[in-house]
Structure formats: C-alpha cells, structure tokens
Amino acid sequence: GGAPGFRKLWDSILQRRGIGVEAGFLPGGIRGGVACALYLSGLPVVDLMWKMRVLSQRTLAHYLQEVTALQSLTLLSVAARLSVRTASRMYPILCSIA
C-alpha cells in the first residue's frame, strides 16, 4: 500500500492504544525508540550500531536524542500508558525472532 497505507495502519494502531494523532507520535520515532531501549538495557554501543545497521556514531547519537520521546509518554492518559506498556511486552518476543 505504500506510504499512505502504512500511515493509515500506524494511526489505527495508535488509536487502538488510546493515543490520538494530537500526541504527535510518528513512525520515524520507532528507530530512535529502539535505539534508546537497547542503549538503556546496557547493550554496548558497537553491538547497538551493528544491530541497527548504523554506520556512524553521529547517526546513533541522533537516534539516542529520542530519549525525549520517552518523556512524552508522561503526557498520555493512564489508559494509553497502560496500553503502550502492555504492547511493549511483545518487544522481547519480536527481538528473539529477528
């Protein structure tokens, strides 16, 4: 379906989690979110760069600046945060498949 189809799917997933488009979460934030999660879990920078196929530390630093996205979760309703937390439990399963 291309970019419009992906965006429609993205918006639908967020809506099911109780997150409206006004929250400003964009698909491009996924990569930064993954970088932050792996970095905060203690994954060495070299391994993080390899896993994400990032060639320069400058690019990785850009992604790690997405930590502010984590702070934006505090702006969500309790129900939306619970929904995101529940969905995040799939993360280790998805990582083990990749």
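Give, rounded to the nearest 20 debye, the magnitude of the charge dipole that the chain has about its Cα centre when Lys and Arg contribute +1 at Cβ and Asp and Glu contribute -1 at Cβ. Please list the in-between numbers first.
Values: 11 positive and 4 negative charges, 37 e Å.
Dipole size: approximately 180 debye.
Find how much the distance from residue 74 to residue 52 grows on full extension, using 0.36 nm per residue of separation minus their present alpha carbon separation; answer in nm with one decimal.
Full extension of this stretch gives 5.3 nm more.
Can you run the Rg to Rh ratio on the chain? Use alpha carbon positions and the Kirkwood inverse-distance Rh.
Value, to two decimals: 0.98.
Between 0 and 90 degrees, rounded to the nearest ten: what's the tilt of helix 2-16 against the longest Cα principal axis of the chain?
70 degrees
At a 1.4 Å probe, what is the % contribution of carbon and sulfur to the accessible area of the chain?
So the carbon and sulfur contribution to the accessible surface is 64 percent.
The values are calculated or read from the model by the stated rules, or taken from the named source; none is laboratory data. As the structure is a prediction and not an experimental result, all values here were calculated from the model. Here the Cβ is made from the backbone with ideal geometry for all residues, glycine too, and neighbour counts use every protein chain on show. Note: areas computed on protein heavy atoms with side chains; ligands, DNA, RNA excluded. Shrake-Rupley method; radii C 1.70, N 1.55, O 1.52, S 1.80 Å.
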